[in-house]
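The values are calculated or read from the model by the stated rules, or taken from the named source; none is laboratory data. A quick note: this is a predicted structure, and the numbers were derived from the prediction, not measured. Methodologically, a virtual Cβ is constructed for each residue, glycine included, from the backbone with ideal geometry; neighbour enumeration extends over all protein chains shown. Protein only, heavy atoms only, side chains kept; ligands, DNA and RNA dropped before computing areas. Shrake-Rupley method; radii C 1.70, N 1.55, O 1.52, S 1.80 Å.
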There are 2 protein chains.
Amino acid sequence: MALVEVTGHGRETGFTVVETLHTAYSASVRNYLLKLVEKNQGSNTDISQANFFLARLWSEAVHQLLNQTGFKADDIDLVGSHGQTIYHQPNPEELLNYPISSTLQIGDPAVIAQLTGITTVGDFRVADVARGGEGAPLVPYFDLICFSKLKKNCLVLNIGGIANFTFIPADGDPANIIAFDTGPGNMLTDQLMQRLYEKPMDRNGKIASLGQFSKKLFDYLIKYDPFPGIKPPKSTGREHYGEEFVIALLKKAVRWRITEPEIIHTVSRYTPFTIRKAYENYVGHEIKELYVGGGGAYNRFFMKTLQDYFKDTPVKNVAEAGISQDYKEAICFAILANECIHGSPAGMPKVTGAGSPAVLGKICQVV
Amino acid sequence: MALVEVTGHGRETGFTVVETLHTAYSASVRNYLLKLVEKNQGSNTDISQANFFLARLWSEAVHQLLNQTGFKADDIDLVGSHGQTIYHQPNPEELLNYPISSTLQIGDPAVIAQLTGITTVGDFRVADVARGGEGAPLVPYFDLICFSKLKKNCLVLNIGGIANFTFIPADGDPANIIAFDTGPGNMLTDQLMQRLYEKPMDRNGKIASLGQFSKKLFDYLIKYDPFPGIKPPKSTGREHYGEEFVIALLKKAVRWRITEPEIIHTVSRYTPFTIRKAYENYVGHEIKELYVGGGGAYNRFFMKTLQDYFKDTPVKNVAEAGISQDYKEAICFAILANECIHGSPAGMPKVTGAGSPAVLGKICQVV
């Protein structure tokens, strides 16, 4: 969570990060959500409850941030909340003879508004999907605001569970922006660390750095995973790089007697590899700099391998452009909430494939 | 659906119904929704898809209404959409040691906004539930606007699937309003007509009028159904008066060799009976008039039995007070949408039990 002071809107947006807060889910909440999301196991009851439950947890975090800063709810104009995605399928599926694209985020913004006393904007992806877009990524709008100031071609990469990047053209023209999910970020490595080492992640990429490269496993990944070969616009998530993907991978690794550090090394290399391939295949412009944000920017193996793949291009942390590495997405959704209350369309058809730009977000007021 | 010209807001609201439209769900849509709602059978996928799917169907109906009237989307300021409730449990249930009340309506208002090109307000119940209320009924706010003009104590009854009424005090003071769900409306009779006669309803109450009264079955209903004995505020729905309730009832009826017309008669009498009991037990004010709206007002057996139960009080159709019987709820949600964009709280703590009045609805804008 980031408390951000925002001025103006659109390309004239200015912002200062006042304070940030990170609170982790408890293990029980995390397990509950993973089950809900990955196993598609929500019932009406589960989803309705979780929609209110998450909003309540997040509202508690808002109160914590207010206490931490001494601000009162009345001092804050807006909460912007992305929500927890529990389903995302922009490619039409058939329902009663209709082709239906859909996306579903829970953690109700109207509940957050009531529990915090602050007008809340949420559900940013729905409008774009309704206009035929992928509903993702949304961060490129923010990247454009921040990085077009550099006035040079650059690539802004975010490595979260999934990795995505935005190509920012030197001229800052939104029509020339290219952005899409490139494939796995930390998601595969994290899951494998949990299964093989009972650790949540490969901190600093240490195990990946110790392991050897398995060409066999790498080739298998390239062959097995169709996502990098799909033409943008495209987006992906846990429904593709989740449990099923990892179990299939582990079966092969065991059969081929690949050691645990080799698995972590090889799969960790797959993340920068797919990022490079995405750049080569779908960007088509030289870049002067590559900026990396998200949790994956802490993974030294990722960073080193990225520098190897992008050999003549300086690979930098987004912090070097003044953007918080950890809170970039939080700041982004504060900016998107601000766009929403200005009635300003933050949808980017060039990026998501939507038919036209949409005003993103639903406004939930308080008395 | 009702196209309504609205002036002002709050107690100064004025409105004229310009046009109405009713479109029925196809049998396949109806069956799909019944399964989703009643059997609590939605998965993440189902709920996400249905959320977009219903919004699309309703948007098509909006276009149909526009064509019918010659208006363009630009001529219309707002769509107000209640949504399809697929879960409603204002009484806290435990989730990971938190007491969680929740409600879930689908048919995403942001999708309606994109597909119609008209700013849409939806999800009216969430904020009230978040403030500790039942999230229902919401119509009393509208009843107050319409019926306080009469300046006499009256009861405004709506017989939909569920029946609910609003007691409007002569002084029109919101603090003296009493409103709650009284129990079944058409829901039990409709389900029994489907099971026993393969018809969607007992048109005009014809079969109920032909049948005899079964005291045994009536006493069973009174004993089996705890809802009428619960103190308001309270609300109910298909999760209580749905398939399970009806199957248990039919088992008894079969065992006791009660004929089909007797069943329809007796169960149809239970609706006005629970309305009368609700009045006697929880209103505590004399009334000068009883106004009835909703589909149930077409059921002559309901109306006749109501007049028997409220013997000295004139039982009238809401149409006699200038309110459309069929489109009352549609008009109500146009008025509630109007309140939302005025930032005016339409939540009624006296009615729903919420801690304080909330601004109801989420605003979904268009470019």
Check: What pairs from B:Lys215/B:Lys251; A:Lys251/A:Lys277; B:Lys215/B:Lys328; A:Lys223/A:Lys288; B:Lys39/B:Lys350; B:Lys234/B:Lys311 go past 24 Å between their alpha carbons?
Finding: A:Lys251/A:Lys277; B:Lys215/B:Lys328; A:Lys223/A:Lys288; B:Lys39/B:Lys350; B:Lys234/B:Lys311
Check: In square nanometres, what is one fourth of the surface area of the convex hull spanned by the alpha carbons of region B:120-257?
Finding: 11.0
Next item on the list: Write down the percent of antiparallel bridges among all DSSP beta bridges whose residues are both part of chain B, to the nearest 5.
Entry: 70
Notebook entry, point to check: Residues with beta-carbon under 15 Å from that of B:Leu196, excluding B:Leu196: net charge, scoring Lys, Arg +1 and Asp, Glu -1?
Noted result: +1
Notebook entry, point to check: If the convex hull of the alpha-carbon atoms of region B:269-353 is projected onto planes in all directions, what is the mean projected area in square nanometres?
Noted result: 6.7
Notebook entry, point to check: Distances from A:Thr259 to the same residue in each other copy, label points 7 Å out along Cα→Cβ, in nm, shortest first?
Noted result: 8.7
Checklist line | Under 5 Å, built H, 5+ apart or other chain: amide partners of A:Val366 | finding: A:Thr119
Note to self: Please list 3J(HN,Hα) in residue order for region B:231-237, calculated via the Karplus relation 6.51 cos²θ - 1.76 cosθ + 1.60 where θ = phi - 60°; whole Hz, with x for glycine and proline.
What the structure shows: 6, x, x, 7, 8, 8, x
Note to self: Tell me the relative contact order for region A:136-205 as a rounded percent, counting alpha carbon contacts under 8 Å between residues six or more apart.
What the structure shows: 25
Notebook entry, point to check: Taking amide hydrogens as modeled 1.01 Å from N in the peptide plane, which residues meet the under 5 Å criterion relative to A:Glu93, leaving out close sequence neighbours?
Noted result: A:Ile100, A:Ser101
Check: For the protein assembly as shown, with only Lys/Arg (+1) and Asp/Glu (-1) charged at the beta-carbon, what is the dipole magnitude about the Cα centre, in debye rounded to 20?
Finding: 1780
Checklist line | Average accessible area per residue (Å²) across chain A - probe 1.4 Å, nucleic acids and ligands excluded | finding: 41
Next item on the list: Before anything else, pin down the relative contact order of chain B: Cα pairs under 8 Å, at least 6 apart, normalised by residue count, whole percent.
Entry: 22
Next item on the list: Evaluate the charge dipole of chain B about its Cα centre and quote only its size in Debye, nearest 20, assuming +1 on the Cβ of each Lys and Arg and -1 on the Cβ of each Asp and Glu.
Entry: 1280
Notebook entry, point to check: What are the trypsin sites (Lys or Arg not before Pro) within region B:264-331 that DSSP puts in a loop, where the Cβ has at most 16 other Cβ atoms within 10 Å?
Noted result: B:Lys288, B:Lys311
Next item on the list: Work from the charge dipole of the protein assembly as shown (Cβ charges, +1 for Lys and Arg, -1 for Asp and Glu, about the Cα centre) and give the residue of A:His285, A:Ala136, B:Ile247 farthest towards its positive end.
Entry: B:Ile247
Item checked: Gain on full stretching of the segment that runs from B:Asn204 to B:Asp312 - 0.36 nm per residue minus C-alpha separation -> 36.5 nm
Next item on the list: Quote to one decimal, in nm, the extra length available between A:Gln212 and A:Asn40 on full extension: 0.36 nm per residue of separation minus the C-alpha distance between them.
Entry: 58.4 nm
Item checked: Cα pair distances in region B:318-362, grouped into 10 Å bins until the bin that holds the longest one, percent each -> 27, 39, 31, 3
Notebook entry, point to check: Between B:Ala61 and A:Glu94, what is the spin-label point distance in nm, taking each point 7 Å from the Cα along the Cα→C-beta axis?
Noted result: 2.6
Next item on the list: Sort out for me the Cα centre separation of region B:197-219 from region B:107-149, rounded to whole Å.
Entry: 34
Next item on the list: Compare the Cα positions of A:Leu157, A:Gln194, A:Ala208 along the charge dipole of region A:93-238 (+1 at Cβ of Lys, Arg; -1 at Cβ of Asp, Glu; about the Cα centre) and return the one farthest towards the positive end.
Entry: A:Ala208
Next item on the list: Describe numerically, in nm with one decimal, the distance between label points set 7 Å from Cα along Cα→Cβ at B:Arg255 and at A:Asn176.
Entry: 8.0
Notebook entry, point to check: How long is region B:195-269 along each principal axis, judged by its Cα atoms, biggest number first, in Å?
Noted result: 35, 25, 20
Next item on the list: Name the residue farthest towards the positive end of the dipole of region A:1-132 from the options A:Ala113, A:Phe52, A:His9, assuming +1 on Cβ of Lys and Arg, -1 on Cβ of Asp and Glu, about the Cα centre.
Entry: A:Phe52
Check: What whole number of Å gives the distance from the Cα centroid of region B:229-288 to the Cα centroid of region A:290-345?
Finding: 60
Margin query: Can you give me the long-range amide H partners of B:Gly185? Hydrogens built in the peptide plane at 1.01 Å from N, cutoff under 5 Å, separation of 5 or more residues or another chain.
Written below: B:Ile162, B:Ala163
Item checked: Between B and A, accessible area buried - total, square angstrom, nearest 100, 1.4 angstrom probe -> 4800
Checklist line | Gap separating the Cα centres of region A:70-98 and region B:11-60, nearest whole Å | finding: 20
Notebook entry, point to check: Add -39500 (n - 2.57) for each DSSP H run of 4 or more in the protein assembly as shown, then divide by its residues: what number comes out at 222 nm, to the nearest 500 deg cm²/dmol?
Noted result: -12500 deg cm²/dmol
Check: Please state the relative contact order of region A:1-125 as a whole percent: Cα pairs under 8 Å, 6+ residues apart?
Finding: 23
Checklist line | Debye equation applied to the C-alpha atoms of the protein assembly as shown, log10 I(q)/I(0) at 0.05, 0.11 Å⁻¹ | finding: -0.29, -1.15
Check: Scanning chain B for chymotrypsin sites (Phe, Trp or Tyr not before Pro) in DSSP loops with at most 15 other Cβ atoms within 10 Å, what's the longest stretch left with none?
Finding: B:72-212
Next item on the list: Using only the alpha carbons, work out the radius of gyration and Dmax of chain B in angstrom.
Entry: 20.2, 63
